[in-house]
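Single-structure report; data block below.
Just so you know, all these numbers are worked out from the coordinates, no wet-lab data involved. Keep in mind that what you see is a predicted model, and the values were worked out from it rather than measured. Here Cβ is always computed from backbone atoms with ideal geometry, including for glycine, and neighbour counts include all displayed protein chains.
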Amino acid sequence: MSINIVKPELLAPAGNFEKLQAALIYGADAVYFGGKNFSLRAFGDNFTREEILKAVEFTHALGKKIYAAANIFAHNKDIAALADYLKFLDGAGVDAVLISDLGVLTLAKELTNLKIHVSTQANVTNWRAAKFFHELGAERIVLARELTRAEISEIKANCAAELEIFIHGAMCISYSGRCWLSKFLTGRDANQGACTHSCRWKYNLVEEKRAGEFFSVGEDERGSYVMNSKDLCLLPYLDKVIQSGVTSLKIEGRMKSVNYVASVVKVYRAAIDSYFDNPTDFKIRGEWLNELNKIAHRPYTTGFFIGDGEPTEIYDTSKPSRSANFLGIVRDFDLPTMTATIEQRGKFEVGERVEFFQPRGKTFSQVISAMHDADGQEILSAPHAQQIVKIPVAEPVEIWSLMRS
Ligand code: SF4
């Protein structure tokens, strides 16, 4: 069966309302979020019911889509509250709900008209499982991350459901996140959204009679982060990702910063558009890879997609690297005076070189020549969190641009 290639949706994480706005303004076609309960990010900011209504209104005003994650593995005690939450989501007008648990799927089917997306937590790794969920009423399947492109294409050829895959972000060393490590070590259950990321910790071997004597279990002398996964980045294979015929390309990271969301979305937006402008001459641009290297990340991997056995663990450190400091968001721009109003996010001062990363325009850099506070008083630095400052800019700058160093 041949695969019909359509332009895939670019789907971005919305950890809070500001990140949702950034994702959509920087080019995402759709966003996904978690409510205060029932999504697998219990320690994210997450959305209250009031914020969900605001988020749906904002997203739909831009003609884009918004999906709600309700992908915990529910226990009996959760059922009544889940039923109430699903009915609320239906009334709020979200475009789909992400579900892992079959019980929650039946609830959504019985009580609501919500479209159902099966979460990656359900571990769909073959076309029969995809077809089964489709027959149960799921419109879309978010495939397990442990699949090669050949397997994804085969699922596409044998199942009429929409398919979604992860293209960028942190990965679990366990099977698509179905993991008991955190629950075992800390009592906090990853399958209830409370993971402590225990796989990123540093591990040693201890002989039971020699407490306090640690023996390295690392691959070499540098360390022993034996379960620490690299971060996924499928940008180098974006043409092959698109040719696999999936409907939606998902970016991981509801816990990540506004800077992360804006940067990753802008890069993949540009790359997807570039492919569809001219598929035969499509090339990955160095500037896209440079941009992805400016955000905090662990070394990148293509995970399972190519299926060539590339190692996915990084043994020397569990800390993500970072090469750009996020300093503020442009909230306003006055053309006659060439002045930008910045909401501060990191410390900066007069004389410092900064760059402006814009939703659509080119990134430009300049030195901060002067700075005034919201009352018009001249200041030399902006030390307070979310302080409003005005600075002269060398070029017209778009609202929602990020100032970085
Ligand atoms: S401990 Fe690590 S592998 Fe397990 S669920 Fe958490 S992030 Fe994933």
Please list the non-local residues whose amide H lies under 5 Å from the amide H of Val31, H modeled 1.01 Å from N, same-chain partners needing a gap of 5 or more.
Ala12, Lys65, Ile66, Tyr67
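Quickly estimate the mean residue ellipticity at 222 nm for the chain, helices only: each DSSP H run with n ≥ 4 gives -39500 (n - 2.57), and the total goes over all residues, rounded to 500.
One gets -8000 deg cm²/dmol as the mean residue ellipticity at 222 nm.
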Pull up the DSSP beta bridges for the chain and report the antiparallel fraction as a percent, rounded to 5.
55
Sorted largest first, the C-alpha extents of the chain along its principal axes in whole angstrom are 63, 60, 50
Karplus 3J(HN,Hα) series, Hz, for the stretch 362-368 with 6.51 cos²θ - 1.76 cosθ + 1.60 (x for Gly, Pro):
6, 6, 10, 10, 6, 9, 6
In the neighbourhood of Val350 defined by beta carbon distances under 14 Å, the net charge of the other residues (Lys, Arg +1; Asp, Glu -1) is -1
Once phi for every residue in the stretch 398-405 is put through the Karplus expression 6.51 cos²θ - 1.76 cosθ + 1.60 (θ = phi - 60°), the whole-Hz ³J(HN,Hα) values, with Gly and Pro written as x, are 6, 4, 6, 5, 9, 8, 9, 10
Built amide H within the under 5 Å cut-off of Asp332, gap 5+
Thr341
Provide the gained length on full extension for the span Tyr175 to Met255, in nm with one decimal, where the gain is 0.36 nm per separating residue minus the Cα-Cα distance.
26.8 nm
Given a Förster distance of 25 Å, the FRET efficiency implied by the Cβ-Cβ spacing of Gln366 and Ala270, rounded to the nearest 0.05, works out to 0.65
